[in-house]
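Here the structure comes first, spelled out in structure tokens, and everything after it is commentary.
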Amino acid sequence: MTDHTAIRYIVTSDHGFIYKRDKLHESDKIDGLNCKDNFVNKRFILSGEPIRADGIECLGFSTILGNDDTKSVTVPAGANIFKAPGGGQNYVHGGASPQEMLIPVIDVKTLKGHMETKPVTDVIKATTYKLFFISEDNEKISN
């Protein structure tokens, strides 16, 4: 009898942050972009509508994901942060590139035990994965 115990791995990677020793000045903080429908974080804003202002980059989810999602993500164009309550203001990103703004997380669930597998051929196809992003509030924010 084979033991088919479920095994779960969570794989992630992060390049880290830039730490600024000096306290951030008010001029390092981008203000005035808060509204009740926006999710505002020091390093990004999720919104239902595009945000246009100096010193920021706004990307539509539809452009990033190639779908018809109308939400947008806005990030500082440089090492500034959005004005938001809480600590951690000395940890900043180095711009608006995806590798600076996204942390990949892969949730792998397998069964423990030996299983025979066959190599991929023109008849046997490779595995396909469906991936999506979720917010800190466990809301699915992409397709």
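Going from the residue with the fewest nearby Cβ atoms within 10 Å to the one with the most, 21, 43, 52 rank 21, 52, 43. Compared with the direct C-alpha span, the chain from residue 140 to residue 11 gains 44.6 nm at full extension, assuming 0.36 nm per residue.
Under a cut-off of 12 Å between alpha-carbon atoms, report the aspartates and glutamates in cross-link reach of residue 112, not counting same-chain residues fewer than 8 places apart. Leaving aside aspartates and glutamates fewer than 8 places away in the same chain, those within reach of residue 112 are 3.
Counting neighbouring Cβ atoms within 10 Å and putting the fewest first, the residues 74, 117 line up as 117, 74. When each of 40, 105 is scored by the number of other beta-carbon atoms lying within 10 Å, the sequence from fewest to most is 105, 40. Couplings 3J(HN,Hα) for region 58-69, derived from phi with the Karplus relation 6.51 cos²θ - 1.76 cosθ + 1.60 (θ = phi - 60°), are 10, 10, x, 4, 4, 5, 5, 9, x, 10, 10, 5 Hz, where x marks Gly and Pro.
Within the same chain, lysines fewer than 8 places from residue 140 are excluded, and of the rest, those with a Cα less than 23 Å from its Cα are 36, 42, 71, 109, 130.
Each value in this text was obtained by applying a stated rule to the coordinates, not by laboratory testing. Computed from a predicted structure; not experimentally measured. Don't worry about glycine lacking a Cβ; one is built from the backbone with ideal geometry, like all the others, and counts go over all protein chains shown.
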